[in-house]
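Working notes for the structure below.
The values are calculated or read from the model by the stated rules, or taken from the named source; none is laboratory data. All of these numbers come straight from a predicted model, not from anything done at the bench. For neighbour counting, all protein chains shown are included, and Cβ atoms are generated from backbone atoms with ideal geometry for every residue, glycine included. These accessible areas exclude ligands, DNA and RNA; they are computed on the full protein's heavy atoms, side chains included. Shrake-Rupley method; radii C 1.70, N 1.55, O 1.52, S 1.80 Å.
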Amino acid sequence: MNTHSLRYFLFSILCFLLAQKSVLAQDIYYVSNTGSDINDGLSQGSPWQTISKVNSEMNNFQAGDQILFLRGNTFTGSLTISTQGVSFGAYGNGDKPTLSGGISLNGGWIPVSGNIWEITLTDAPPKLNNLHRDGNRLPLGRYPNHNSEDGGFLRIESSPSLSQIIDDELDNSVDWTGSDVVIKVLEYRFNRVDVVGHSGTTLSLGDGFDVTRVRSNSGYYFVNHIDALDLDGEWFYDEGDGKIYLYSASDPNNSVFTYPFQDIVIDVDNVDDIFISDIQVGFGNAINIMVDGADNLVLENIDLKAAGGEGIQVEGSDGVSVSNSYFEEVNIRSLYVINGTTNITIQDNNFYNIGMDPAYGKEKGLYCIYNESDGAQILRNNFDQIGGGAIVTGGKNQLIRRNYINNALKLIDDMGGIYTNFNLGGLTTAGTIIEENIVSNCLGNHHGSYQDRDWAIGIYLDNHTNDVIVRNNTVFNVGTICYFLHINTGEITFYGNTALGGPYAEVFTYLYDQASSEVQYHFYDNIFASKDTVGDHLVWNYESSVLDFDESGRYYGNYFISPFVGERIRLRYIDGSAGNAEIYNTYNMDFNRPAINSSSNSPISFSPGSDQDNLQLFMNPTGQDSTITLPDGKYIDVKNEGNYCGSINLSPFTSKIL
């Protein structure tokens with residue numbers, strides 16, 4: 001081998017070894033509040049101290065390296081991840097380490113008048129979307145105060161343009177210039193905009209609307225003004241002078257306050273194969289975790305709290321996984337998945353107290369998961385106390401399975417616990433499966449709505465939702481309708497579903513545009529049960545102006561259960577006429593309508609004055625088989641397939657109506 005060849009050979013070996021080191025690097029770096037940024041960070045005895053140090057070393061990390069934060073510690077700042085293949089986690093014992101975008105205040109409050117105090121922030125953000133006192137989130141001051149009777153809304157008489165609203169009953173003893181108004185512009189949407197002028201009963205408004213008009217009778221209230229502070233803990237932020245004003249009956253200087261300063265706490269920017277686990281993330285003023293162009297990102301066992309806007313925002317990424325995590329006190333959306341993302345997995349997470357105050361955000365909706373991407377899998381998540389819809393989604397080939405949704409739609413109507421829409425990101429829903437979910441207690445909230453109606457849905461297929469399968473779901477105790485099938489297209493397969501307790505109807509099919517005239521439904525083996533004792537309730541309402549019922553699909557083997565007064569099923573558009581409508585019971589519907597057969601009604605009947613609890617639903621919203629203890633007595637299921645006494649065994653995410 002000549003000298004040139006030997007050099008080339010040695011150079012090749014060196015390149016190979018360097019490449020292997022890059023692939024297999026396993027350096028572990030430690031970060032602790034008691035460390036120092038002049039340390040090498042390579043042992044628990046010589047850890048770094050700050051997020052800033054981690055950021056400054058980012059370009060020196062290699063794939064396979066780990067950065068571990070000490071449990072029980074809080075690290076403030078914004079972490080920017082820009083090196084591929086790096087992991088972030090925890091070491092030591094105790095609570096998860098916290099990465100916080102917040103700044104804490106201990107003292108510095110000055111009395112203004114009465115129970116109102118002020119503090120001038122040294123580090124003042126342009127906007128302020130959260131304030132905590134001793135770990136508890138404080139409410140934004142509002143006028144009028146919230147109440148249970150009408151929600152505490154004023155009403156708009158008219159709106160000549162988006163820059164002006166008129167309220168003939170507005171008390172003009174207070175000049176509301178400089179405040180914001182929160183307006184319920186639609187049943188399912190709030191907008192918050194600046195008040196740039198106030199004269200008598202007229203308010204002049206700035207930019208910020210995402211609607212084309214404000215309707216008369218829409219509800220609104222004021223925030224971000226000192227005259228809106230009259231309850232303990234209420235606050236507002238004066239952006240001009242960087243001051244927080246607080247209503248407090250006790251001296252706030254004896255408490256620790258935290259407010260968000262960093263817009264983003266963790267920013268994963270155009271880098272792949274990142275793994276983040278066992279960390280708490282809080283106090284992002286806009287977004288707690290921002291993900292942009294980051295394929296194969298794993299977020300696992302994360303506690304995400306106190307998000308001023310979005311919890312996690314994902315865009316332009318493939319194969320992201322969010323699992324086994326806990327979300328609480330997110331002001332807008334826990335997960336905002338933007339069109340261009342593909343194949344995200346959201347599984348085994350818990351969501352609590354999400355989007356429960358529209359004054360905190362200026363976005364269009366208070367939704368927990370808002371997904372506009374293809375291939376999403378949303379599996380085995382639990383939702384409770386959600387201001388808007390729990391799962392709001394559009395995109396093809398999605399799997400929405402075994403989610404338990406309880407107490408959603410706390411602030412809005414015309415929305416579902418699970419909601420699909422062709423218009424979300426302009427994506428088709430073709431190939432989507434919604435199966436084995438349980439949706440309960442989605443009662444809605446009509447306060448502030450210009451229509452002043454209840455319209456809360458369990459599972460809502462809206463606006464050209466097409467070519468989906470909905471099977472083996474359970475919906476009960478909702479505000480209006482258990483299943484709403486609204487201007488659908490393509491083939492909708494709907495089987496094995498259970499519904500109980502929709503005050504308007506257990507299922508409502510509504511078709512009225514040309515696209516929905518070509519839908520084909522395949523309905524079979526569903527249970528629609530009503531507790532109606534009056535006789536004016538519809539178990540099923542099919543209403544169309546474009547498609548004759550007998551041409552809309554096939555309906556067979558369904559159970560229409562109304563044991564107190566007999567089932568009522570309304571079909572509009574029959575016998576070739578959109579004006580024809582009839583109300584049927586199970587027998588004469590099967591006899592008269594060619595599209596439907598083998599229907600069943602209740603195996604037993606009760607007198608109209610009987611206790612509604614003679615009809616009950618029992619369910620298992622867990623991943624394991626469960627034995628449910630029954631109240632005293634003997635029970636028969638509504639399919640007349642079994643008798644029960646003492647207890648009932650239920651498989652995961654199943655239910656029985658007895």
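Would you list, by chain and number, the aspartates and glutamates whose Cα falls below 18 Å from the Cα of Lys410, excluding same-chain residues fewer than 8 positions away?
By straight Cα distance, Lys410 reaches Glu149, Asp150, Glu187, Glu328, Glu329, Asp357, Glu363, Asp384, Asp452, Asp454.
For Tyr29, list long-range residues whose amide hydrogen, built 1.01 Å from N in the peptide plane, is under 5 Å from its own amide hydrogen.
HN-HN under 5 Å from Tyr29: Gln66, Ile67, Leu68.
Over the chain, what is the percentage of antiparallel beta bridges among all DSSP beta bridges, to the nearest 5? Present the calculation step by step, with values, prior to reporting the outcome.
Details: 59 of 204 bridges.
Antiparallel bridges make up about 30 percent of those DSSP assigns within the chain.
Using each residue's phi in segment 472-483, evaluate 6.51 cos²θ - 1.76 cosθ + 1.60 at θ = phi - 60° and report the 3J(HN,Hα) Karplus result to the nearest Hz, with x for Gly and Pro.
Listing the rounded values in order: 6, 9, 10, 10, 8, 6, 10, x, 9, 9, 6, 10 Hz.
How do 458-468, 372-382 rank on mean C-beta neighbours within 10 Å, highest first? Please report the intermediate quantities before stating the final value.
Working: 458-468: 25.5, 372-382: 22.0.
The most tightly packed comes first, giving 458-468, 372-382.
Determine the relative contact order of the chain: mean sequence separation of Cα pairs under 8 Å and six or more apart, normalised by residue count, in whole percent. Intermediate results must be reported in sequence, preceding the final value.
On the way: 2060 pairs, mean separation 47.2, N = 658.
RCO, the chain: 7 percent.
Need the C-alpha centroid separation for segment 298-347 versus segment 419-498, integer Å.
Computed from Cα coordinates, the inter-centre distance equals 22 Å.
Using a probe of 1.4 angstrom, how much of the accessible area of the chain is carbon and sulfur, in percent?
Here it works out to 45 percent.
Give the shape of segment 135-290 as rounded, prolate or oblate, defined through the alpha-carbon gyration tensor: a ≥ b ≥ c are the square roots of its eigenvalues, a/c under 1.5 means rounded, and otherwise the shape is prolate if a/b is larger than b/c and oblate if not.
Working: a/c = 2.27, a/b = 1.45, b/c = 1.56.
Oblate, because a/c is 1.5 or more while a/b does not exceed b/c.
So I have [x] 17, 43, 30, 8, 1, 0; [y] 15, 35, 25, 15, 6, 3, 1, 0; [z] 17, 48, 27, 7, 0, and one of them is P(r) over Cα pairs in 20 Å bins from 0, in percent calculated from this model. Which one is it?
Given [x] 17, 43, 30, 8, 1, 0; [y] 15, 35, 25, 15, 6, 3, 1, 0; [z] 17, 48, 27, 7, 0, the structure-derived one carries the label [x].
Run the helix sum for the chain: -39,500 (n - 2.57) per DSSP H stretch of 4+ residues, divided by residue count, reported at 222 nm to the nearest 500 deg cm²/dmol.
Theoretical 222 nm ellipticity from helices: -1500 deg cm²/dmol.
Classify segment 311-438 from the C-alpha gyration tensor, please: rounded if a/c falls under 1.5, else prolate or oblate depending on whether a/b exceeds b/c. Could you put the intermediate results ahead of the total?
Working: a/c = 1.40, a/b = 1.31, b/c = 1.07.
It is rounded, given that a/c, with a ≥ b ≥ c, falls under 1.5.
What accessible area per residue comes out for the chain, rounded to a whole number of Å², with a 1.4 Å probe?
Numbers: 25680 Å² over 658 residues.
Result: 39 Å² of accessible area for each residue.
Which of Ile266, Val322, Val174 sits farthest toward the positive end of the charge dipole of the chain, with +1 on the Cβ of Lys and Arg and -1 on the Cβ of Asp and Glu?
About the Cα centre, the residue reaching furthest to the positive side is Val322.
Give me a comma-separated list of calculated 3J(HN,Hα) values for segment 507-523, in order, Karplus coefficients 6.51, -1.76, 1.60 applied at θ = phi - 60°, integers in Hz, x for any Gly or Pro.
Karplus-based 3J(HN,Hα) across segment 507-523 equals 9, 10, 9, 9, 10, 8, 10, 4, 4, 6, 6, 10, 5, 10, 9, 10, 9 Hz.
Taking amide hydrogens as modeled 1.01 Å from N in the peptide plane, which residues meet the under 5 Å criterion relative to Arg333, leaving out close sequence neighbours?
Here Glu310, Gly311 satisfy the definition.
Give me the dipole magnitude in Debye, nearest 20, for segment 494-614 about the Cα centre, with unit charges on the beta carbon: positive for Lys and Arg, negative for Asp and Glu.
The calculated dipole for segment 494-614 is roughly 120 debye.
Could you tell me whether segment 18-104 comes out rounded, prolate or oblate from its Cα gyration tensor? Rule is a ≥ b ≥ c as square roots of the eigenvalues, rounded for a/c under 1.5, then prolate if a/b exceeds b/c, otherwise oblate.
Here segment 18-104 falls in the prolate category.
Where nothing but the Cβ of Lys and Arg (+1) and of Asp and Glu (-1) is charged, how large is the charge dipole of segment 288-343 around its Cα centre, in debye to the nearest 20? Could the numbers behind the result be given before it?
Working: 2 positive and 9 negative charges, 23 e Å.
I would put it at about 100 debye.
Charges on Cβ only, +1 for Lys and Arg, -1 for Asp and Glu, centred on the Cα centroid of segment 208-316; of Gly240, Gln280, Asn224, which one is farthest towards the dipole's positive end?
Asn224
For a quick check: with amide H placed at 1.01 Å from N, whose amide H comes under 5 Å from Ser530's, ignoring anything fewer than 5 positions away on the same chain?
Counting only residues 5 or more places away or on other chains, the set is Ile561, Ser562.
Give me the angle, in degrees from 0 to 90, between the Cα long axis of helix 3-24 and the longest principal axis of the Cα atoms of the chain, rounded to the nearest 10.
Tilt relative to the chain: about 50 degrees.
Quote to one decimal, in nm, the extra length available between Lys243 and Asn640 on full extension: 0.36 nm per residue of separation minus the C-alpha distance between them.
Stretched fully, the Lys243-Asn640 segment lengthens by 136.2 nm.
Is there a quick way to get the dipole size of the chain? I mean about its Cα centre, with the Cβ of Lys and Arg at +1 and of Asp and Glu at -1; what is the value in debye to the nearest 20?
Using Cβ point charges on Lys, Arg, Asp and Glu, the chain gives about 1180 debye.
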